[in-house]
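What follows is a short report on a single structure.
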Amino acid sequence: MSNEKLQIMAVGRVEAIMQVVERLINSHEGWEATIALSEAEALAAFEQRRMSIVLVGAGFSAEDEESLRNKLQEIEPTVIVTRHYGGGSGLLENEILGILQMRK
């Protein structure tokens, strides 16, 4: 088994929420979070480190999400960009585990 961590980016406009999401992701062994507060931040972070999953949260419209998805998939076609609706750590973990299960 690889020691490489699953790279997950959470994108949202509310910094306090993104910090909680970051903490929840990082608390899971084998996962590493990056947060971004704008499309520009997300794209810059993605250029530095390719993420497997990008969770789009509060403050991003469906159009914002689609724009970000298109730009990220131009860079890395296999990236999964999905809406994250919030909720507790169990919900977040189940969302990510569901995505990973679908990829298999």
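Laboratory data are not the source of any read-out in this text; all were calculated from the coordinates shown. The shown structure was predicted, so the numbers you read here are calculated from the model rather than taken from an experiment. FYI the Cβ positions are ideal-geometry reconstructions off the backbone, even for glycines, and counts take in every protein chain you see.
Going through the range 26-76 one residue at a time, which ones are in contact (Cβ under 8 Å) with a residue 60 or more places away in the chain and either surrounded by 15 or more Cβ atoms within 10 Å (Cβ to Cβ) or touching a Gly at 6+ places or on another chain (Cβ under 7 Å) (or both)?
Our first condition is that a residue be in contact (Cβ under 8 Å) with a residue 60 or more places away in the chain; within the range 26-76, this holds for 27-28, 31.
Matches in the range 26-76: His28, Trp31.
Residues in the range 64-76 that are of a type in the set (D, E, K, R) and either outside any helix (DSSP H, G or I) or closer than 19 Å to Val21 by Cβ (or both): Asp64, Glu65, Arg69, Glu76. Of all residues in the range 77-104, those satisfying the criterion of being in a helix (DSSP H, G or I), surrounded by 12 or more Cβ atoms within 10 Å (Cβ to Cβ) and not polar (S, T, N, Q) are Leu91, Leu92, Glu93, Glu95, Ile96, Ile99, Leu100.
Taking into account only those residues within the range 1-29 that are hydrophobic (A, V, I, L, M, F, W, C) and part of a loop (DSSP other than H, G, I, E, B), which is farthest from Arg83 (Cα to Cα)?
Of the range 1-29, the ones hydrophobic (A, V, I, L, M, F, W, C) are 1, 6, 8-11, 14, 16-18, 20-21, 24-25.
Filter again for part of a loop (DSSP other than H, G, I, E, B), leaving 1, 14.
On the way: Met1: 29, Val14: 15 Å.
For the range 1-29, the residue satisfying everything is Met1.
The residues of the range 30-63 that are of a type in the set (A, V, I, L, M, F, W, C) and part of a helix (DSSP H, G or I), listed by number, are Ala40, Ala42, Leu43, Ala44, Ala45, Phe46, Ala62.
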